[in-house]
1. If you roll a 1.4 Å probe over the heavy atoms of the protein chains, what accessible area per residue do you get for the chain, in Å²?
2. I need the GluC sites (Glu not before Pro) found in region 30-102, filtered to DSSP loop residues with at most 16 other beta carbons within 10 Å of theirs.
3. Need one value: the accessible area of THR73 in square angstrom, 1.4 angstrom probe, rounded to the nearest 10.
4. I'd like the Kirkwood hydrodynamic radius of region 137-180, using the inverse of the mean 1/r over distinct C-alpha pairs, in Å.
5. Report, ordered by chain and residue number, the lysines lying within cross-link reach of LYS156, taken as a straight Cα distance under 20 Å and ignoring same-chain residues fewer than 8 apart.
6. Which GluC sites (Glu not before Pro) in region 110-144 sit in a loop by DSSP (not H, G, I, E or B) and have at most 15 other Cβ atoms within 10 Å of their own Cβ?
7. Applying the Karplus parametrisation 6.51 cos²θ - 1.76 cosθ + 1.60 with θ = phi - 60° to the phi angles of region 144-158, what ³J(HN,Hα) value in whole Hz is obtained for each residue in order, glycine and proline being reported as x?
8. Would you mind calculating the relative contact order of region 36-181 from Cα pairs under 8 angstrom and at least 6 residues apart, reporting the percent as a whole number?
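The values are calculated or read from the model by the stated rules, or taken from the named source; none is laboratory data. The model shown is predicted, which means the values in this text are computed figures rather than measured ones. No Cβ is skipped: glycine too gets one built from the backbone with ideal geometry, and neighbour counts run over all protein chains shown. Just the protein is used for accessible areas: all its heavy atoms, side chains included, with ligands, DNA and RNA removed. Shrake-Rupley method; radii C 1.70, N 1.55, O 1.52, S 1.80 Å.
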Amino acid sequence: MSQKENIQEEEIKKEQETAQVEENQTVEEEVATEEPTAEELIQVEKDKFLRLFAEFENYKKRTSRERIELFKTAGQELMTALLPIMDDFDRGLAEIKKAKDKELLKGMQLISDKLKNTLTQKGLTAIEVNAGDTFDAEIHEAITQIPAPSEDLKGKVIDCVEKGYKLGDKIIRYPKVVIGQ
């Protein structure tokens, strides 16, 4: 750029700045000549107060909802860690039933029931999935598709491979299912 172009740009910037300053002064003069009345000032302050009060009420509601949700799902990490143990108990009980050892089955059943009852008291519930239920992608997790044994089982659950569980209203593990194609 030449020196002449630089000078022209500086002049244009100065003109814009002076125009802006003059415009701001006229706006300030208009505002200064119109002094708000006491009633208008009171109305403005009242409006600010109502907005602040409403904002605070919304804050209280939001934090109480978050607190309730936190209490509902506080044990989610622990529950998720215990789910494989429950699965192992179910598989172990199935194998012990095959062996027909009544005393061992009875002892394992007591321990399993105690664990399940404790987790149920803390809000854990199993998601019921039966063969023939309609597949819902929001509730089920499809792990595979197989040819449907009959025409009425197309798009439906054929088998549940792994149980799903909810903690309160939140699904913490989706049931893994096989669906018919």
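1. Per residue, the chain has 80 Å² of solvent-accessible surface.
2. Passing sites in region 30-102 are GLU34.
3. 30
4. 11.0
5. Filter leaves LYS176.
6. The qualifying sites are GLU128, GLU138.
7. So the J values, rounded to whole Hz, are 6, 10, 10, x, 5, x, 9, 5, 6, 9, 5, x, 10, 6, 8.
8. Computed value for region 36-181: 21 percent relative contact order.
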